[in-house]
Structures are given as C-alpha cells and as structure tokens.
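Worksheet: the structure to be examined is printed underneath.
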C-alpha cells in the first residue's frame with residue numbers, strides 16, 4: 001500500500017466535477033440548488049471559469065455565495081488574496 005503522506009494535500013467531497021469551465025460551474029451551482037448539504041469539489045487545471053468554451057474566455061470567474069455568506073468578507077478575501085487587479 002502507498003504512503004499517502006508523500007502526495008500532498010487531500011480533499012474529500014460528495015461530488016467531484018472535473019473542469020471549471022462554464023458547464024462545470026453550472027453543474028456545481030445546480031447540484032447545490034438541489035441539495036445544499038452536498039460537498040461539491042471542482043478540479044480545474046487553469047483559473048476557474050477560463051477553461052472549456054472559448055466563448056467564456058473573457059467572461060471572468062463566476063462565484064456562488066450562499067445566503068449565509070458575507071459578500072464583504074468575500075470581497076476582502078478576494079482583494080487581499082487573489083487580486084487579478086481588483087485592488088487597483
């Protein structure tokens with residue numbers, strides 16, 4: 001049996017979606033609408049929202065916030081940790 005400690009960080013979820021393009025994001029959103037208790041994990045090789053359809057290249061990243069999430073805390077996190085020139 002392999003020693004999994006050498007493989008880095010592990011994640012678990014109820015649903016795994018491969019690809020964070022438009023279809024993957026719509027699917028993840030719909031699954032959460034149907035059952036908000038599901039843990040949905042999207043695995044993407046690029047920036048989420050910029051893979052898949054070429055029509056989506058300039059559309060940006062779609063974020064889904066739960067009704068209990070704070071938009072102000074999200075904005076603060078995004079500006080400080082992610083950026084993409086939002087802080088300018």
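The values are calculated or read from the model by the stated rules, or taken from the named source; none is laboratory data. Note that the structure is a prediction, hence the values are computed from the model and not measured. With ideal geometry, Cβ positions are generated from the backbone for all residues, glycine too; neighbour counts draw on all protein chains shown.
Can you name the residue in segment 51-81 that is assigned to a helix (DSSP H, G or I) and either at pLDDT below 50 or in contact with a strand residue (DSSP E or B) (Cβ under 8 Å, 6 or more places away or on another chain) (or both) and, of all such residues, is surrounded by the most Cβ atoms within 10 Å (Cβ to Cβ)?
Looking at residues that are assigned to a helix (DSSP H, G or I) and either at pLDDT below 50 or in contact with a strand residue (DSSP E or B) (Cβ under 8 Å, 6 or more places away or on another chain) (or both), I get 56.
Keeping to segment 6-40, report how many residues are farther than 22 Å from residue 67 by Cβ, in contact with a strand residue (DSSP E or B) (Cβ under 9 Å, 6 or more places away or on another chain) and part of a loop (DSSP other than H, G, I, E, B).
4
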